[in-house]
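To start, the structure under review is shown below, and the notes come after it.
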Amino acid sequence: MKRLDTDSRLVEPYRFGFVTEVETDAFPPGLSEDVIRAISARKGEPDWLLDFRLKAFRAWQRRPEPHWALLDYPAIDYQAIRYYAAPRPRGAGGGAIDPEVERTFERLGVPIAERNALAGVAVDAVFDSVSVATTQRKLLQEHGVIFCSFSEAVREHPDLVRRWLGTVVPPTDNFFASLNSAVFSDGSFCYVPRGVRCPLELSTYFRINAAGTGQFERTLIIAEEGASVSYLEGCTAPMREEHQLHAAVVELVALDDARIKYSTVQNWYPGDAEGRGGVYNFVTKRGRCLGARSSISWTQVEVGSAITWKYPGCVLEGPDSVGEFYSVAFTNARMQADTGTKMIHLGPRTRSTIVSKGISAGASRNTYRGMVRFGPAARQARNHSQCDSLLIGDRCSANTFPVVESAVGTATIEHEATTSRISEDQLFYMRCRGIGEEEARSLIVNGFCREVFRQLPMEFAVEAVKLLEIKMEGSIG
Amino acid sequence: MTNEAANTGPAGGGIFSIEGLRVQVEGKPILNGVDLEIRRGETHALMGPNGSGKSTLANVILGHPDYEVTGGAIRCDGHDLLALAPEERARLGVFLAFQYPVAVPGVTVARFLKTACDAVLGEARRLSASAFLARLREEAAFLEMDESFIHRPLNEGFSGGEKKRMEILQMRMLRPAYVVLDETDSGLDIDALKTVARGVTGRTGPDLGLLVITHYERILRYIRPDHLHILIDGRIARSGGPELVRELEDRGYDWVRAAGARAPAEAPA
C-alpha cells in the first residue's frame, strides 16, 4: 500500500512552465526614482500619477520588509529585479500583437483574438508588464461598462482613476503595496455604471514571461449604485530557476446595493521539489463596501507560488453591507502559504462569512491568518468563520491564526476550526467500491473544498476541480 | 484488468473459495486456517462469538491493509484475490457491506456512487448521468429512503440505520456477484431490518453468492441461509444446514466449542 505522502520525485509537472520567445522591451534591473520616472514616461502618464508613484516609493524606502508571516525565504534583492518588460508590438502597423504572445494565450486556454473569444467572458490579457488585449469590448460598451487595461483607463478615463485610485489600498498601506504603487506597470480597470448588471464575466489573465522580471499589476473595480459584476483572474508563469516577484494590488469599491464577486485561480509556478525557483506572491487585495447593502465576495483557489502572502479583505462601511471570503489553498513540496482575510466591520448590521480550506502535502507549510474587527458603530454585526485544514502525509504543517477584536457589545462572532487527515479507513472504504486510490483521494479533497468551489462561476469551478486533481497527482509517494 | 463486468458469466464456474486462510494483526493470529466455499446462487451465514474473527474475515476478503495474510488463498471465479488491490476485487464483483461505514464529507451520495459505478460496471453497462440518477432514485425509493439522501454528503450525519440502508443501496447499484454483509443487522430496529433484508433478497438468485456475517439469528429469519458456519477462535468450528440455526439458538456457542474440542471441525457442507 502506498503511503499518503509526497515524494519529491513525484511532484506534478507544471504544465504552464513554457517560455515564449518574443522581442522584449525591458529595463535593466534596479529600482530608483529614475526607474519610476521612466516607467511613468514610457506610459505617458499625467503628473498626478507620477506624484502618486513617487510618494509611494518614498514610503517604501522608509519601511522594512515585513516578516510577521510564517514564511521562510532568503532576502529579496530589489535591485536585482527588472521593473518593466513588455513584448514589442509587431506587424506592419506597429500596433499589432506579436503572434507569439497571441499563441501563448491560446496555449493557456485564454484566446485573445476576438474571432476565438470565449463565450460569456471578456478577457484582459496581461503579459509581463503590459495588457496586450481586451476582448468583447463592443458588447460591454453597449451596456456602459468600462473594462480595459489600467494604462488605457489612465488615458481615457483619468477622472475615474484619479478619484478612486489608492482610496482602498493607500500607497502607504504596507511594504508591498507601496512597492506596487511605485512601480505598477499595468493591470485591469473596470467600471460598472449605476444599475447595470455586467452582461459578461470579466476576466484578467496574468502571465509572467520575461526572466528576472517582477510583475506589479494593479486592478481597480468600481461598481456604482445597484451595479453588479463578477470578475475572475488567473495566473501562470514559466518554470525558472530563480524566484520571481509578483506584488499586485487590487482595489474594489461597491456603492449602495452594488455587488462585486471577485474570483482568483492562482497557479503561478511553485518551484521544484527542492524549492528552487517559483513565484513569490505578495499581494494586497481589499474591497470597500462603501454603500448601504453593498456586498463584496472574494473566492480564491491558491494552488501555485513558492510563497503566498495574501489576505483579501473587506471594509464594511455601509450599513447592512456584506463581506465574504472563500478560500482553498493547496500547498505541496516546499511551497509556503500564509493567507487569509480581514473583515473590518464599521457599519451597523454588517455581516461577514469566512470559509477557509487549507490542504497541505509534502513538506509544505500552510497557514490561515485572519482578522475580524468590529468598530464601535458596528452594532449587531455578525461574523461566521470556518477554517479547516487537511493534512496529507506527516512532513507538512498547517497553522491557524484567527484574531478577533471588538469595540462593540452587540456583535456576534462564531468561529469553527478543524484539522484532519485523509484516513486509511476512508480510502479503504472507497477502494472497496472500485474507486482507485488516487481518484479516492481526489474525491475526498474535492469534497473538502466543495463549499468554496460552489462559489466559483461554473466553468471556473470545473477548471478548479481539474487543476486540483492534477496537483493531487503529485501527492503520492 | 478488472473492468470486466461483475455478475456476468464467470470463467471459473462461479465459485468464491477461501482455503486455509491464516491472518494476523500486529503479529497476533486472528484467523487460523479458514475454509469456506460459496457458489453463486447460495446464501451462507457466518456466526460466532465476539472476537472469533468474523469482521477480520470480511475485511481480508476486500484486502484491508491492516491485516496480514500469512497463509492460504482466496479465489473468486478463478482469480487469485489476494494478489489484487481492494478496488480490483470490487471490480471483479466482490462487495462488502461495512459494519461501520465511514463518512466522506462534501462528496454527495450521487457523485460517489456514479464514480463507483463507472469504475465497477465497465463500459458495456455504464449508465448515462440521467439514467444513473433515475436508477438511484428508484433504488432509494425501494429502500424507503428519502430522495434528498442522494444529494447529501456520503454518510455524513447519517443515523446508524441510514448508514446500513446506504450500504444496501450501494450494493444494489453496483450489482456485485459476491456480497459479504458484515453485521449489517446490528443496531437496526425490526422495520429497518426488514427493509434491509428485502433489499438484499431482492437481489439473490442464481447469479449472487451471499455471505451474511451476524451475531444474531434474527436476520436469518428474513434472509434464509442455505448453509451456516460457526467461527470460533479463528476457525470454522462447525458447518451445517439451516437446522443448525435452531440448534445454536437452543444450545449456544459453548456447545459448539465443547464439541469442537472433542472432534476436529467438519469440512464445510
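The values are calculated or read from the model by the stated rules, or taken from the named source; none is laboratory data. Note that the coordinates shown come from a computational prediction; the quantities given were computed from them, not determined experimentally. Cβ sites come from the backbone with ideal geometry, for glycine too, and all protein chains shown count toward neighbours. Side chains included, ligands, DNA and RNA excluded: accessible areas come from the protein's heavy atoms. Shrake-Rupley method; radii C 1.70, N 1.55, O 1.52, S 1.80 Å.
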- request: Within the range A:222-279, report the trypsin sites (Lys or Arg not before Pro) that DSSP leaves as loop and that have at most 16 other Cβ atoms within 10 Å.
  value: A:R276
statement: Calc'd 3J(HN,Hα), the range A:215-232, phi into Karplus 6.51 cos²θ - 1.76 cosθ + 1.60 (θ = phi - 60°), Hz, glycine/Pro = x, comes to 10, 10, 9, 9, 10, 9, 10, 10, 10, 6, 3, x, 7, 9, 8, 10, 10, 10
- prompt: Any idea what diffusion coefficient the range A:13-422 gets from Stokes-Einstein, in µm²/s, Kirkwood Rh on alpha carbon pairs, 25 °C, 0.890 mPa s?
  reply: 114
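Ignoring ligands, DNA and RNA, how much accessible area is buried between chains B and A, both sides summed, with a 1.4 Å probe, to the nearest 100 Å²?
2200
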query: Non-local amide H neighbours of A:Y326 (under 5 Å, H modeled in plane, Pro and chain starts lacking H): which ones?
result: A:W298, A:T299, A:Q300, A:V355
- line: Quick tally, 1.4 Å probe accessible area for A:W48, A:W60, sorted with the most first, runs A:W48, A:W60
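Can you say what percent of the DSSP beta bridges in chain B, counting only those with both residues inside, are antiparallel? Round to 5. Can you show the working numbers first?
Details: 25 of 43 bridges.
Around 60 percent antiparallel, to the nearest 5.
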message: How big is the dipole moment of the range B:26-173 about its Cα centre under a simple scheme where the beta carbon of each Lys and Arg is +1, that of each Asp and Glu is -1, and everything else is neutral? Debye, nearest 20, please.
response: 280
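Relative to 2.2 N^0.38 Å, what does the C-alpha radius of gyration of the protein assembly as shown come to as a ratio? Two decimals please.
Cα Rg divided by the expected 2.2 N^0.38 Å: 1.15.
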field: Inter-part distance where the range A:176-191 and the range A:210-254 are each reduced to a Cα centre, Å
entry: 8
- prompt: Restricting the count to DSSP beta bridges whose residues both fall in the protein assembly as shown, what percent are antiparallel, rounded to a multiple of 5?
  reply: 20
task: Past 19 Å, Cα to Cα, is the threshold; run B:K54/B:K194; A:K285/A:K342; A:K261/A:K342 against it and keep the listed order.
output: B:K54/B:K194
message: Residues of the range B:62-87 that become at least 40 Å² less accessible with every protein chain present than in their own chain isolated, using 1.4 Å: which are they?
response: B:H64, B:P65, B:P86, B:E87
query: What are the aspartates and glutamates whose alpha-carbon lies under 17 Å from the alpha-carbon of B:K28, with same-chain residues fewer than 8 places away excluded?
result: B:D66, B:E68, B:D233
- prompt: Averaged over B:88-100, how many beta carbons belonging to a partner chain fall within 10 Å of each residue's beta carbon?
  reply: 3
message: Check which residues have an amide H placed less than 5 Å from A:S228's amide H, if you skip close sequence neighbours.
response: A:V196, A:R197, A:C198, A:R259
- line: Per residue, accessible area of the range B:189-239 with a 1.4 Å probe, heavy atoms of protein chains only, in Å², comes to 41
Heavy atoms of B:D191 accessible to a 1.4 Å probe, total area in Å² rounded to 10: 100
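Could you give the accessible area per residue of the range A:13-422, probe 1.4 Å, as a whole number in Å²?
On a per-residue basis, the range A:13-422 sits at 36 Å².
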- prompt: Toward the positive end of the charge dipole of the range A:13-422, about the Cα centre and with charges on Cβ (Lys, Arg +1; Asp, Glu -1), which of A:F374, A:Y231, A:G214 goes farthest?
  reply: A:F374
query: For chain B, what is the mean residue ellipticity at 222 nm derived from helices alone (per DSSP H run of n ≥ 4: -39500 (n - 2.57); sum divided by total residues; nearest 500 deg cm²/dmol)?
result: -11000 deg cm²/dmol
field: Rounded accessible area of A:T331 (nearest 10 Å², 1.4 Å probe)
entry: 0
message: Give me, ordered by chain and number, the residues 5 or more places off B:L228 or on other chains with an amide H under 5 Å from its own placed amide H.
response: B:A45, B:G240, B:G241
- request: Express the carbon and sulfur contribution to the solvent-accessible surface of the range A:13-422 as a percent, rounded to the nearest whole number, probe 1.4 angstrom.
  value: 49
- prompt: Length gain on complete extension for the stretch A:Q386 to A:T410, per 0.36 nm per residue less the alpha carbon to alpha carbon distance?
  reply: 6.6 nm
Mean residue ellipticity (222 nm) of chain A, computed from DSSP H runs ≥ 4 via -39,500 (n - 2.57), nearest 500: -6500 deg cm²/dmol
statement: Rounded to the nearest 10 Å², the accessible area of A:E473 using a 1.4 Å probe with every protein chain kept is 100
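Please give the contour-minus-distance gain from A:R421 to A:S32: 0.36 nm per residue of separation, less the Cα-Cα distance, rounded to one decimal in nm. Before the final figure, lay out the partial values.
Values: separation 389, 0.36 × 389 = 140.04 nm, distance 4.83 nm.
Gain on extension, A:R421 to A:S32, equals 135.2 nm.
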query: Could you give the dipole magnitude of chain B about its Cα centre, charging the beta-carbon of Lys and Arg +1 and that of Asp and Glu -1, in debye to the nearest 20?
result: 300
- request: Using a 10 Å cut-off on Cβ to Cβ distances, tally the other chain neighbours for every residue of B:248-259 and report the average as a whole number.
  value: 0
- request: Leaving ligands, DNA and RNA out of it, rank B:H44, A:H384 by accessible area with a 1.4 Å probe, largest first.
  value: A:H384, B:H44
